[in-house]
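Working notes for the structure below.
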Amino acid sequence: MEVSVMISKFAVVETENMGHNVTVGEFAIIRGNAIIGENVRIGTGSIIHPNVVVESNTLIGSYCILGEPTASFYDDPEHHEFRKTIIGKNSLVRSNTIIYEDVVVGKNFQTGHRVTIREETRIGEHCRIGTLCDLQGKLIVGNYVNLHSHVQLNQLSYIEDFVWLYHYVVLTNDPYPPMGKLRGVTVRKYAQIAARAIIMP
């Protein structure tokens, strides 16, 4: 099958793993062995690091970073091995979102703007993560979960399917700081948590 790729000026594309009908915006960078599926659009100035998979029919907005490296990269960048990051098909990642390496996201995923998702996060299908949400990594989000803007999920959070968290909800993980004995919050299926709630383990 013919591969049609439109690469704007000043973009840098190092990978050959590109599907049909891909568009890469100006100043975007796609590194190493990244895999880009069919019908993917990548916005101006976005960076896709090695070992990232962007599945088909996905839009990556401007100035996003996918596969952002963890701390070991800054200690020894030449020997850092990027862990796999997967963005499921039919997703919309809006501008200025940062998704770290070792994140797996299911299909029909959406973010607002300026979302941060740290490493070792697993997110199911049909999830929406609102503007300025902060997911601190090492956590699990089920299917059909909606987070409104400014929600913070700390490490070890576990959210089951069909959960809604409204604006400014915080799930904490240290009941007696700074003891450091972290315990995550579990939110059960179909729960709704009202705006500005702070939930302790």
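A few comments on the model shown:
- Per residue value of the accessible surface for the chain (all protein chains in place, 1.4 Å probe), Å²: 50
- Scaled against 2.2 N^0.38 Å for its residue count N, the alpha carbon radius of gyration of the stretch 21-138 is 0.95.
- Computed accessible area, Met18, all protein chains, 1.4 angstrom probe, square angstrom: 30
- For the stretch 106-201, the orientation-averaged shadow of the C-alpha convex hull comes to 5.3 nm² (one quarter of the hull surface).
- Atom-type composition of the exposed protein surface of the stretch 89-201 places 51 percent of the accessible area on carbon and sulfur (1.4 angstrom probe).
- Positive-end residue, the chain charge dipole about Cα centroid, Cβ charges, pick of His126, Met179, Val169: Val169
- Value of Rg/Rh across the chain [Cα atoms, Kirkwood radius]: 1.01
- Measure of compaction for the stretch 147-196 (Cα Rg per 2.2 N^0.38 Å): 1.16
- Percentage relative contact order, the chain, counting C-alpha pairs under 8 Å, at least six apart: 10
The values are calculated or read from the model by the stated rules, or taken from the named source; none is laboratory data. Model, not experiment: these values are computed from the prediction. Cβ coordinates were reconstructed from backbone atoms using ideal geometry, including for glycine residues, and neighbour counts include every protein chain displayed. When the accessible area is computed, the model is the full protein with side chains, heavy atoms only, and any ligands, DNA or RNA have been set aside. Shrake-Rupley method; radii C 1.70, N 1.55, O 1.52, S 1.80 Å.
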